[in-house]
Amino acid sequence: MWKMDEPFVKTDRQKALYSLAKSVSDKVKKRAKETDREGTFSLENLNDLKQSGYITLTLPEEIGGKNASLYEFLLSQEKLAEGDPSVALSIGWHLGIVMELRDEQLWTDDMFNWLGSQIIDKHKIINRAATEPATGSPTRGGIPETNATKTEDGYILNGRKSFTSMADVLDYYIVSASIEDTKEIGWFLVERNQKGVEIEHTWDTLGMRGTASDDLVLNTVHVAGSRMVETKKPNPEKSIPKGWLLHIPACYLGIALAARNDAIEFAQTYQPNSLNKPISEVPHIQEKIGKMDLALLNARYFMYAVAEKWDAQPDKRSELGPDLAAVKTIATNTANDVVDLAMRIVGGRGLSKSSSFERYYRDVRAGLHNPPMDDAVIQTLARRALHGGNGE
């Protein structure tokens, strides 16, 4: 079987990072069925991510990280997702946020270096907690109902956040909250073991069950003033596109690659007694395999081309918003199509609960509901076509 990784792993550095991701991917793959069944984030998987150093992938080299570029980040995440997409998507938030803080310098140097030391020396992990039941995805412009009340020495936080991936095993949450009596939104660094921090186990979903994206509940949580690490005005006029969010399409393309590889292996080894050859020699099976590879090549070359442009031309990043959004839509829809083709090759046995294909089918659909949504992407591209600029 031809490996579809070959066109994209080019340099010795990329090979080293890819090898690291593959090593972790092979380990978490063995637990994928269990984590899907339990709907929790596996502590064994968490330990593998930490002990391998994978959690330092996007930290700067000068503080002990691997300083991965966007291209290298996606290459690693796609391979990790082949083993278990729930693991990849979850740790992708941690790594992507670190990349965002690194590249956009959203925090003070002292605060960022402190976080780096927490990740390097103590193996801590983080995630943003932004989504709320009433506001939906923050990308739609909803204002957080979680509120921050000013005190003499800091703030008191009250509220609930949904879809908080890895909620129960995170060490820090970067929580968005509306600051009372102002028009600002603050981001507050909250520790897992602080008084008033609770996790409500609400995650009972069809796919990506192993992300354990439970609710974070904040009941009169006190944070020091120095832990308000970011502020922004509601609906800012301009914002830098978030290149790191391409970890989402990379994850779902990883699912599609796993389904493609398993389907080809099945086709090459399965020979019903009605044939004198494996089904891989049957024309309609070959047609489905060809369609899978055509779709994957199209989506992957596009994703990696945009990532290369992001890395090579930092001064052009502000113009890449529509392209980044288009990558997500093309990749997630392609991934769904490829998994569907793979299951048509395998046939009815792919619906068995003991089959990996049944899990691929459920997991890949979650990508359609990660932002940006298809309708928003199409509108953005239409505005750019009609009016130029970034489609905003």
Index of the failed condition, L368 passing every other in (1) surrounded by 17 or more Cβ atoms within 10 Å (Cβ to Cβ); (2) in contact (Cβ under 8 Å) with a residue 12 or more places away in the chain; (3) outside any loop (DSSP other than H, G, I, E, B): (1)
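Residue-wise test of (1) in contact with a Pro (Cβ under 6 Å, 6 or more places away or on another chain); (2) assigned to a loop (DSSP other than H, G, I, E, B); (3) in contact (Cβ under 8 Å) with a residue 40 or more places away in the chain.
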| residue | (1), (2), (3) |
| --- | --- |
| K291 | no, no, yes |
| K309 | no, no, no |
| A331 | yes, no, yes |
| T334 | no, no, yes |
| V338 | no, no, yes |
| E358 | no, no, no |
Residue list for segment 107-142, filter: at pLDDT below 95 and over 18 Å from the mean Cα position of the chain (by Cα): E132, P133, A134, T135, R140, G141, G142
Some residue of segment 73-83 being surrounded by fewer than 20 Cβ atoms within 10 Å (Cβ to Cβ), of a type outside the set (S, T, N, Q) and either in contact (Cβ under 8 Å) with a residue 24 or more places away in the chain or closer than 27 Å to S226 by Cβ (or both): no
Filter pass, G207 being in the same structural domain as A167 (by TED's automatic domain parsing) and within 16 Å of the chain's Cα centre (by Cα): yes
Number of the exception - I240 against (1) hydrophobic (A, V, I, L, M, F, W, C); (2) over 29 Å from D311 (Cα atoms); (3) assigned to a loop (DSSP other than H, G, I, E, B): (2)
Number of positions in segment 45-66 that are out of contact with any helix residue (DSSP H, G or I) (no Cβ under 7 Å at 6 or more places or on another chain) and either acidic (D, E) or surrounded by 21 or more Cβ atoms within 10 Å (Cβ to Cβ) (or both): 2
Residue check, L206 among the aliphatic types (A, V, I, L, M), buried (at least 17 other Cβ atoms within 10 Å of the Cβ) and touching a residue at least 24 places away in the same chain (Cβ under 8 Å): no
Leading residue by the ranking (farthest from E34 (Cα to Cα)) among those in segment 196-216 that are β-branched (V, I, T) and outside any loop (DSSP other than H, G, I, E, B): V197
Scope segment 338-375; condition hydrophobic (A, V, I, L, M, F, W, C) and either farther than 19 Å from D36 by Cβ or at pLDDT below 95 (or both); matching residues: V338, L341, I345, L351, M373
All positions within segment 1-19 that are among the hydrophobic types (A, V, I, L, M, F, W, C) and touching a Leu at 6+ places or on another chain (Cβ under 8 Å): M4, F8, V9, L17
Leading residue by the ranking (surrounded by the fewest Cβ atoms within 10 Å (Cβ to Cβ)) among those in segment 32-44 that are more than 13 Å from L170 (Cα to Cα) and touching a helix residue (DSSP H, G or I) at 6+ places or on another chain (Cβ under 6 Å): G39
Residue match in segment 172-191 (condition: assigned to a loop (DSSP other than H, G, I, E, B), of a type outside the set (A, V, I, L, M, F, W, C) and either at pLDDT 95 or above or under 24 Å from the mean Cα position of the chain (by Cα) (or both)): no
Search result, residues across segment 7-33 that are within 20 Å of D48 (Cα to Cα) and polar (S, T, N, Q): S19, S23, S25
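The values are calculated or read from the model by the stated rules, or taken from the named source; none is laboratory data. Remember, it's a predicted structure, so these values are computed and weren't measured experimentally. Every residue, glycine as well, gets a Cβ built from its backbone with ideal geometry; the counts of neighbours run over all protein chains shown.
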